[in-house]
1. Excluding Leu135 itself, what net charge comes from residues whose Cβ is under 10 Å from its Cβ, given Lys and Arg +1 and Asp and Glu -1?
2. Quick one: compute the contact order of region 102-152, relative version, from alpha carbon pairs under 8 angstrom and 6+ residues apart, as a percent.
3. Would you mind putting 86-92, 40-46 in packing order, based on average other-beta-carbon counts within 10 Å, highest first?
4. For region 68-139, report the translational diffusion coefficient in µm²/s to the nearest whole number, using Stokes-Einstein at 25 °C, 0.890 mPa s, and a Kirkwood Rh over Cα pairs.
5. If you project the alpha carbons of region 10-109 onto their three principal axes, what span does each projection cover, largest first, in Å?
6. At a 1.4 Å probe radius, carbon and sulfur cover how many percent of the accessible area of region 36-136?
7. So what's the net charge close to Ala71: Lys and Arg +1, Asp and Glu -1, counting the other residues with Cβ under 11 Å from its Cβ?
8. Can you tell me the length gained on complete extension of the stretch Leu153 to Cys122, counting 0.36 nm per residue apart and subtracting the Cα distance?
Amino acid sequence: TDYRVNQEELDRRLQRWREFTGIKLFLESTTRNYGPNTYTIKKMTERAISLSLKRGIYGGTNSGFGALMLAVALGSKEIYLLGYDMRVQDESTHWHEGYPGQSVQRTAKVLSRFTKIFEEFCPSLERMGIEVINLNLDSALDCFVKQDSTSVLTSRSTSSLSTCGLEDPMAVSYTHLT
């Protein structure tokens, strides 16, 4: 499949990148300067759960898994997944329009591979006392407890959802996947 895009599309994406005012984060093995509000986190090649940003994180096979590992490294003990469908529904591969040249069949295979990395790490997260809750009841990601997002959001105070249990994330250690 050809995922290349034309210059006009590249320019549009670059403009959106420049206009984004939030924090931009990259997971990579080298440190580059991407500009203001942009950070890099060391990419670990070892399949392990890191509890230290100094050590880096293992990003797995997809950005959702990388985000989960970032939350763990930051010290979160209760993590809610939102938008982790991990399935093709009604010929739609993403909540947005998808990517140019993307095949529904190929995407289904890729999402199945993505799901496997979560399944591999789930038991270790549980042993570490990290509770991961999938807020999509229809998700193909079945290794974590599922709860309805509406009930979770209405039953929790805003303050409890916004804290991630940070004490000193740089001081914590790192745990091998067992």
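1. Every neighbour counted, the sum reads 0.
2. On the way: 30 pairs, mean separation 14.2, N = 51.
Relative contact order, region 102-152: 28 percent.
3. By packing density, highest mean first, the sequence is 40-46, 86-92.
4. 179
5. Computed over the Cα atoms, the extents are 41, 32, 24 Å.
6. 52
7. On the way: positive: Lys77; negative: Glu78.
It works out to a net charge of 0.
8. On the way: separation 31, 0.36 × 31 = 11.16 nm, distance 2.33 nm.
My answer for the length gained is 8.8 nm.
The values are calculated or read from the model by the stated rules, or taken from the named source; none is laboratory data. Here the structure is a predicted model, which is why all the values come from computation and not from measurement. Don't worry about glycine lacking a Cβ; one is built from the backbone with ideal geometry, like all the others, and counts go over all protein chains shown. Calculation scope for accessible area: heavy atoms of the full protein, side chains included, ligands and nucleic acids excluded. Shrake-Rupley method; radii C 1.70, N 1.55, O 1.52, S 1.80 Å.
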